[in-house]
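Heads up, the thing below is written out as structure tokens.
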Amino acid sequence: MNYSIALVPGDGIGPEVISKTVDVLDLVGDKFGHVFNFVELEAGGRAIDSTGEPLPAATLETARQCDALLLGAVGGPKWETLPGDLRPEKALLGLRAGLGVFANLRPASLLPQLKDACPLKDGVLTASNPEGKANFDILIVRELTGGIYFGERGREGDGKSGESSAFDTEKYSRAEIERVLHVAYDAASKRRGKLCLVDKANVLESSRFWREITMKIAAEHTNIETSYMYVDNCAMQLIRAPCQFDVIVTSNIFGDILSDEASVLSGSIGMLASASIGGKLAGGKYPAGMYEPIHGSAPDIAGKDLANPLAAILSAAMMLRYSFSLEKEAQAIESAVNKTLDSGLRTKDIASRTKNTANEKLVGTNEMAGAVIKALETE
Ligand code: IPM
Ligand code: MG
């Protein structure tokens, strides 16, 4: 089959991890008889430099026509002082909304090879685990196109002394909540059958609405064990006993915060992939799901052969799985990444925190990606 993939390498380490990911996809295409046609597009800081705006209309238009979008990262110090609407991050929000990808899947698990890179003590992981194992496997389903990220915002003034207050609004419609819950319940039914709604229903009306709707949908999914947790407690439970979670479903802002926390538990934010789905995959208009590593542009290490390419490569595996239903191919990539980690290769971010590094070899972006490609050749 032929697939068109919009590529937004973006800023910072984005271009280097995306170029490695393209090499991986080209090899998958050769091995399994698919053709991936890449269309490179500008967004973020790079687009601001060349066109004056973070998300040129042509980028969104073209992305809408592609089968999927693979994004590196956007942003950097160069553009940090620009007004909110002109910042590179606006490109991300514009792509998410413009493609209608309302459900963001962020898996965070502890691979056995990276146990020593997890900041939690072994005892904390094992004591809280019913099987006594030092592991966890969580899927955060974050609502991505609503809530405070997109609600009404502004500044107000009394006319004399200029602006005296500023506000952002957390607003959710029933339909927005229902559709992301359906994605989350579907995911839970394919995993360990547990779903936890994370909210702040003891304070926020919008959270009470989420809870009410979840309770109704939970009643239709008696095969899934549904639970409810306040977000402050969840922040604590994630570092106290992460293995208690299977699927976490939550609002845009809570999901943003909790997924960064969860990423560190899995060794490094450099490992975490993400898939943003919705659009045509969920009855919407545009075909493209959006796939991106969650690590951001990391300008301090850009261009130095230090970035971990695995999150981007694993995001491509998610793209094959969710957008193209190429499960075998997705697993081949995941297995190649596993073997590479088995062989002891580590970029700096996932190197052991302990001294027991005998089996580890510190490598850069190129060597790590090269090893994945080599492992994939023999898959
Ligand atoms: C993320 C990022 C973005 C977000 C930023 C860069 C706008 O933190 O994808 O988690 O807040 O959604
Ligand atoms: Mg974030």
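Read-outs throughout are calculated quantities, based only on the coordinates presented, and are distinct from any laboratory measurement. Model, not experiment: these values are computed from the prediction. Heads up, the Cβs are rebuilt from the backbone with ideal geometry, glycines too, and the neighbour counts pull from every protein chain shown.
Between Rg and the Kirkwood Rh of the chain, both from Cα atoms, what is the Rg to Rh ratio?
Numbers: Rg = 20.7 Å, Rh = 21.4 Å.
Dividing the radius of gyration by the Kirkwood radius yields 0.96.
Summarising the strand pairing of region 119-265, around 25 percent of its internal DSSP beta bridges are antiparallel. The mean sequence distance of close C-alpha pairs (under 8 Å, at least 6 residues apart), as a share of the length of region 102-141, puts its relative contact order at 61 percent. Within the listed set A97, A219, A241, the residue fluctuating most in the Gaussian network model of the chain (springs between alpha-carbon atoms under 10 angstrom) is A219. Normalising the average separation of contacting C-alpha pairs (under 8 angstrom, six or more residues apart) by the number of residues puts the relative contact order of the chain at 22 percent.
Between the beta carbons of S325 and A166, assuming R0 = 41 Å, the FRET efficiency works out to 0.35 to the nearest 0.05. Computed extension length for L204-K304: 31.5 nm, one decimal, from 0.36 nm per residue of separation with the Cα-Cα distance subtracted. Take every DSSP beta bridge whose two residues both sit in the chain; close to 35 percent of them are antiparallel.
Okay, helix-only estimate at 222 nm for the chain: each DSSP H run of n ≥ 4 adds -39500 (n - 2.57), divide by all residues, round to 500 deg cm²/dmol; what do you get?
So the calculated ellipticity at 222 nm is -12500 deg cm²/dmol.
Springs join every pair of Cα atoms under 10 Å in this Gaussian network model of the chain, and among K348, K285, K194 the largest mean-square fluctuation is at K285.
Taking 0.36 nm per residue of sequence separation and subtracting the Cα-Cα distance, how much length would be gained by fully extending the chain between L362 and K374, in nm to one decimal?
On the way: separation 12, 0.36 × 12 = 4.32 nm, distance 1.75 nm.
Gain in length upon complete extension: 2.6 nm.
Region 199-260 to region 291-367: how many Å between their Cα centroids? Using only Cα atoms, the two centres lie 29 Å from each other.
Our estimate of slack between R155 and A127, defined as 0.36 nm per intervening residue step minus the Cα-Cα distance, is 5.2 nm.
Highest first, please rank the peptides 195-207, 10-22 by the mean number of other Cβ atoms sitting within 10 Å of their residues.
Going by the mean number of other Cβ atoms within 10 Å, highest first, we get 10-22, 195-207.
Take the Cα of A241, go 7 Å toward its beta carbon, and the backbone nitrogen atoms of region 126-145 under 18 Å from that spot belong to 126-139. Using the Cβ of V39 as centre and a radius below 13 Å, the other residues enclosed give a net charge of -3, where K and R count +1 and D and E count -1. Averaging the sequence gap over all C-alpha pairs within less than 8 Å and six or more residues apart, then dividing by the number of residues, gives region 8-108 a relative contact order of 34 percent.
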